C-alpha cells in the first residue's frame, strides 16, 4: 500500500465519510435540523408579513391594521432570532465536537503506525493535518455546512412561495437558474484542485519552518540564517501564489453569480412593476415577490460561496482520512506475553535477512544468527552501517525481517503483540529523547505506576539524583523542548533512569555512557552492571572500552556476522575487531 500522504484524489464524496463521526450525535443533529427548518419556515413567513404590512397596513390607511401588521412582523422576527440561537449553538457544538473527535482518531492511529511511514512523510505535514485541516473542518461543519443547508431550504421554500405569488415572474427567475449553474460547474473543479494544492503548500511551509527551528543551533553555527530566510520566503511565496489563484477563481465564481442574479432581479422588477401599474397584481404581492426573489438570489449566492468552502472541506477530509486509512504493518494477536515467555527469556536471532522499505535493494542484515540468554550480555560492534542499530529496530518489532525470525523462548515475536513485546524491553538510546515536561515526568515515563520514591531511586541508580536536586525546582523542573536545558550527559542519565525504572527483562543499550564524563561513566557502569545481572542485555558499542567485560561480543560488517567471542578471543581471531581495537587503544 502506498503511504505517501502527499498524493491523493479530489472528490466531494469524501465528505460523506464524515457521517461516521456525526453518527454518535444524532440527537443534537436532529435538534439542529429542527431549528434549521423552523428558521427557514419563519424566514419565508416574513414575506407574507411584508405583503400584509403593505396591503393591509399602509394601503388601508388604518392605524389599527398597521399596528397589527407590525406586531405580526415583530413576532416573526422574535421567533427567527430564537430559532437562530438554537441552530447556531447546536451546529457550532457539532463542528467543535466532530473536529475534536477526528483529531483524536487521527492521532491515536498515527501514534501506532510503523516507523517506515515516518521515513517517507514529514512530521510537519502530519502536524498540519492534525491542526490546520481539523480546524478547517470545524469551520465547515459548524458554519458553512449549516449555511448551505439553510440556504438550500430557503431557496426551495422561496421558489415555492414565488410560484404561489406570481407564476409569470417565477418563470423569469427560474429561467436564470441554468445560467447560474454553468459557472458553478466550470469553476468548481478548478477551485477544488487549487484548494487541495493550497492546503498541501501550507503544510509544506509549516514543515520547513519546523525543521529549521528544530535545528536552529546548526543553522546559526554555519551562519545560514540568510539562506534559510530566502528559502523560506520562496516557500511562502509559492504557497501565496497557489492561494491567490484559488481566491481568484472563487472571486470570479462569486462575481459571475452575483451579476447573473441581479440581472434577473432587474428584469423581474421591470415586469412586476408593469403588472402593478396595470392592476394585474397588488403592491403587497410585488413586495412579497421581491422579498422571495431576494431570498432566492442570496441563497444561490451563499451556496456558490459555500460551494468553494465545501471544496476545501473535501480536501481537508480527504487528507485526514488518508491518515486514518493507512494500515498498521506491524501487528500481532492480543496474547499476553507472559503466556508465551518466561520470566527468564532466551532471545534468539535466527538466519535474519532484512531490507528497509526505503532501501529495498540494499540488505541491512544478511543471514544473521545470534543468541542472548537470560542474565548474559551481548555487545554489537562494527563500523558505521554494519547493522547494529537495525538489530535494535527488529528486536522491538519496529520492523519485521523478510527472512528468518527472532524468537523469545522459542516463540516467534511476530506472534506477539508489539506493545506486549516492547513492554518487556527498555531502550537507552545514544541520543536520548526527552519530552518538554518535568524531570519526574520523563523518568516516570518508563513506568506509569511508579511512585515519587521509585523515581528518585531510579535516578540514584543512574547517578542522576545529585544534579537533579541542584535544578531550580528539583524533580519538578521543566526540561524544555527535547531537554534543551540539560547537558548531553545529564540527558543520558535521565534516559538511563527511565529504563531502570521500567525494570525490563531485556535491556537494550545504545552506547549508554557515550556522553558522560569519566567519573560519571565509572559510576554509571557500576549501576549498569548491577541492572544487567538478571536480564538479557544487548549493547551497541562504539567505544570498545565500555564492553570489555561483555559475555559475548559480536562483530558485524555490512549486515553480516563476521566474528563472535570475548574481547581476548576476538583480538586473536578477528582482523576487523583487532583493527578497531588498535585504533582505540593504540595497541
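Tabulated data
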| read-out | value |
| --- | --- |
| Estimated FRET transfer efficiency when R0 is 45 angstrom, pair residue 448-residue 66 (beta carbons, to 0.05) | 0.05 |
| Estimated FRET transfer efficiency (residue 403, residue 245; beta-carbon r; R0 51 Å; 0.05) | 0.50 |
| Computed FRET value (nearest 0.05) for residue 321 with residue 282, which takes r as the C-beta separation and R₀ as 51 Å | 0.40 |
| Peptides ranked, highest mean first, by Cβ atoms within 10 Å: ranges 386-392, 151-157, 573-579 | 386-392, 151-157, 573-579 |
| Least to most buried among 371, 572 (fewest other Cβ within 10 Å first) | 572, 371 |
| Region 434-503: relative contact order as a whole-number percent, Cα under 8 Å and 6+ apart | 53 |
| Region 434-503 shape via C-alpha gyration tensor axes, a/c threshold 1.5 | rounded |
| Residues 502, 26, 491, sorted so that the one with the fewest Cβ neighbours within 10 Å comes first | 26, 502, 491 |
| Extension gain from residue 89 to residue 238, taking 0.36 nm per residue of separation minus the Cα-Cα distance | 49.9 nm |
| Nitroxide proxy distance, nm - points 7 Å out along Cα→Cβ at residue 111 and residue 477 | 2.8 |
| Distance between modelled label sites at residue 545 and residue 262, nm, 7 Å Cα→Cβ extension | 8.3 |
| Gain on full stretching of the segment that runs from residue 530 to residue 29 - 0.36 nm per residue minus C-alpha separation | 174.2 nm |
| Extension gain (nm, one decimal) between residue 487 and residue 222, 0.36 nm per residue minus Cα-Cα | 93.3 nm |
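Here, each number is a calculation from the coordinates, and none is a lab measurement. This one's a predicted model, so the numbers in the text were calculated from it and none came from an experiment. Don't worry about glycine lacking a Cβ; one is built from the backbone with ideal geometry, like all the others, and counts go over all protein chains shown.
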